[in-house]
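S.K.: Pasting in a structure now, in structure tokens, and then I'll have a few things to ask.
Only the coordinates and a few stated rules stand behind these numbers; no lab work does. As the structure is a computational prediction, the values presented were derived from the model and not from experiment. Cβ atoms come from the backbone with ideal geometry, glycine included; neighbour counts cover every protein chain shown.
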Amino acid sequence: MKKLLISALFLAAASMSVNALETDVKPTVTDIKNHNPKTGLIVGNSYSFYNCGVHGYLRGLTREDKRDWKARIITISSGRLSYHDVPQYMGPHEMDPYAKFDDKKELINPMFDVVVLQGMSSEPIAAKSIPTFKKYLKEHVETIKAKGAEPIVVVTWARQDKPEDTKRLADSIISEANANGAIALPVGLAFAESLKRRPDLLMHQKDKSHPTAAGSYLYGAMLYGLLFKKSPVGMKYPGECEKPLKPEDAKHLQQVAWDVLTEFYGWKK
């Protein structure tokens, strides 16, 4: 009986552990400096915009946590990093509620505390686009840092029918984030982890590419966990728009997000 109890406890603990993350590249930047950010900018494409936008999921979690947080999202359909004019996005702009000016009408403080960069899903691994991906990631990270904000580079997920690309994407994006002194957010690794634990919970739309509501929820939970270095596990927020998740699905995704973040960055739980 005692052996059976020990075995059951071991299996329960193992079920909450992280499978081997699908990357050979370790992050050299393992934390952000400011865990009380007030403003953020999310730059991306439809991967970030689907299901009413990942900013909405992040907003739902921050509201439940009663945090002073707001974010702007700028996305371009099928947008590569080269499509985005990040210097222009970061202002200053007249009548912009994110901008703060001194008496000389000069911008004070960064407009955004953090800027999230989410590139096109294939550009970090397609031979023809890799040089452009590297070029504009470097330029955007330099711009963001020069403006006094912290860059966050999203590791995107593989297509449903190409799971082998999880590692290729992660290795490429993490390597470039490392090369530019930016933190990588391993969303794609979390997608893969969720599918290992719950293959029944679909993370991709019928097009096998864009995220389902569950995928967007996981993306938002990853952002929440990194920005505030706080576990989303136990939060009641069910999701955004007209697509609330079942409580058990939200709980699962919260746990996956925190497990992957702590494993990837080497944080203590």
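S.K.: With the contact rule set at Cα under 8 Å and sequence spacing of 6 or more, what percent relative contact order holds for the chain? Could you put the intermediate results ahead of the total?
M.R.: Details: 461 pairs, mean separation 65.4, N = 269.
Relative contact order, the chain: 24 percent.
S.K.: On to the next question. Would you list which lysines come within 23 Å of Lys230, measuring only between C-alpha atoms, while excluding same-chain residues fewer than 8 positions from it?
M.R.: Once the sequence-local lysines are set aside, what remains near Lys230 is Lys26, Lys33, Lys38, Lys66, Lys70, Lys246, Lys251, Lys268, Lys269.
S.K.: Does segment 120-197 classify as rounded, prolate or oblate by the C-alpha gyration tensor (a ≥ b ≥ c root eigenvalues; a/c under 1.5 gives rounded; else a/b over b/c gives prolate, otherwise oblate)?
M.R.: It is oblate, given that a/c is not under 1.5 and a/b is not larger than b/c.
S.K.: Using a 10 Å cut-off around each Cβ, can you sort Trp69, Trp157 from fewest to most neighbouring Cβ atoms?
M.R.: Fewest to most other Cβ atoms nearby, the residues stand as Trp69, Trp157.
S.K.: If you don't mind, there's one more thing I want to ask. Figure the gain on full extension for Phe101 and Ser82 (residue separation times 0.36 nm, minus the Cα-Cα span) and round it to one decimal in nm.
M.R.: Details: separation 19, 0.36 × 19 = 6.84 nm, distance 2.93 nm.
The Phe101-Ser82 span can extend by a further 3.9 nm.
S.K.: What is the ratio of the Cα radius of gyration of segment 75-172 to 2.2 N^0.38 Å, with N the residue count, to two decimals?
M.R.: 1.28
S.K.: What helices in the chain pass both tests, a Cα length along the helix axis of 18 Å or more and a mean Kyte hydropathy of 0.0 or higher, using whole DSSP H runs?
M.R.: Helices meeting the span and hydropathy rule in the chain are 2-15, 213-228.
S.K.: Using only alpha carbon pairs under 8 Å that are at least six residues apart, calculate the relative contact order of segment 61-138 and give it in whole percent.
M.R.: Relative CO of segment 61-138 lands at 29 percent.
S.K.: Give me P(r) over the chain, computed from all C-alpha to C-alpha distances, binned every 10 Å, as integer percentages.
M.R.: Using 10 Å bins, I get a P(r) of 7, 31, 37, 18, 5, 2, 0, 0 for the chain.
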